[in-house]
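Peer 1: Attaching a single structure in structure tokens format; questions to follow.
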Amino acid sequence: MNSRKFVHMFLHTLWIGWLVGLLTSFIVESSIYGAYLSPFEGKELIGLFLFYSGKGLTYTVIAQTGFFAYLFINLYGQNFFKSFWPTVQVLIIAFVLFDIVYFTSKELSLTFRIGLMLIILLAGIVVAIFKVRQTNGTAFIPALFVMVVILTLELSLVLRTGEANEIILMLMPLLVATAFQLIMLHHVTKIDPEHQRRIEQRRKQRREQQKQRQKELASKNKQSKQNEEVKGKTKRGNNHKKKNKRKNKTSNSSESRQHN
């Protein structure tokens, strides 16, 4: 996954989650919108639009955070539980489905709680089946785990409030955003031949530049050695001349003393 693909998926998920959250608010809170439409109050409608847009964006970011958190959880789970990790995930899924019915606020009817659990489970199964067709059979349990466990953990922020409208307003962006990320992950992480070709080309250029630098460095070292050798020869020649001059001076002075 490169940064360009990551940003592309992040922004598309954000846009889709915002749109779904806003459309859900039109249905769930239709009475509030209707109150400002008749009589028409533009400022109040704009404020309402911005309020539910902010909610949709917030819930989508929560879904993105949970999804990328699972990528790390899955890695640690595979390292810790080894081959038992799929079984552990299935047990956690079963516990969370029970938890949705039992621990959700009792102010909500049992029918609503069971229906909520079934919606999450069915949505998870559908997305998991689609993921299997997209990749392979091993993707079923992880996809179902994300759609059930991770999504329920995110939804737990409103499950205890006892307000059905708030649960639905949060559930829809979470479902769509999480499903979209699961489906797009395969496309984002797969190897792009053109991108791979550019990477190989850049690597080849770097290797050629490195070889060129090594040749230049070797040439400089060779030149410096030659310069040092020339300097050494010149120095030895100068020393030899100095010694001859001293010998000549010594012989001349001895001859002059003998003559005297």
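Peer 1: Can you say whether I119 is in contact (Cβ under 8 Å) with a residue 12 or more places away in the chain, farther than 22 Å from T178 by Cα and of a type in the set (V, I, T), as far as the supplied structure shows?
Peer 2: Working: in contact (Cβ under 8 Å) with a residue 12 or more places away in the chain: yes; farther than 22 Å from T178 by Cα: no; of a type in the set (V, I, T): yes.
Taking the combined requirement at face value, the residue does not satisfy it.
Peer 1: Under 6 Å between Cβ atoms, at least 6 apart or on separate chains: pull out the pairs that start in region 175-192 with a residue that is farther than 15 Å from K5 by Cβ and surrounded by 14 or more Cβ atoms within 10 Å (Cβ to Cβ) and end on any residue that is modelled with pLDDT of 80 or more and among the charged types (D, E, K, R).
Peer 2: Note: pairs meeting the criteria are L182/K131.
Peer 1: Is one or more of the residues making up region 25-37 outside any helix (DSSP H, G or I), of a type outside the set (S, T, N, Q) and either in contact with a helix residue (DSSP H, G or I) (Cβ under 8 Å, 6 or more places away or on another chain) or at pLDDT below 95 (or both)?
Peer 2: Yes, region 25-37 has at least one match.
Peer 1: Here's something else I'd like to know. Exactly one condition in (1) modelled with pLDDT under 95; (2) part of a helix (DSSP H, G or I) is false for L91; which is it?
Peer 2: (1)
Peer 1: Do you know which of the residues in region 105-161 that are among the basic types (K, R) and more than 23 Å from H187 (Cα to Cα) is surrounded by the most Cβ atoms within 10 Å (Cβ to Cβ)?
Peer 2: Going through the qualifying residues, I end up with R113.
Peer 1: Within region 65-104, can you find the residues that are touching a Phe, Trp or Tyr at 6+ places or on another chain (Cβ under 6 Å) and surrounded by fewer than 17 Cβ atoms within 10 Å (Cβ to Cβ)?
Peer 2: Q78, V88
The values are calculated or read from the model by the stated rules, or taken from the named source; none is laboratory data. Here the structure is a predicted model, which means the values were calculated and not measured. Neighbour counts are summed over all protein chains in view; Cβ atoms, including those assigned to glycine, are modelled from backbone coordinates with ideal geometry.
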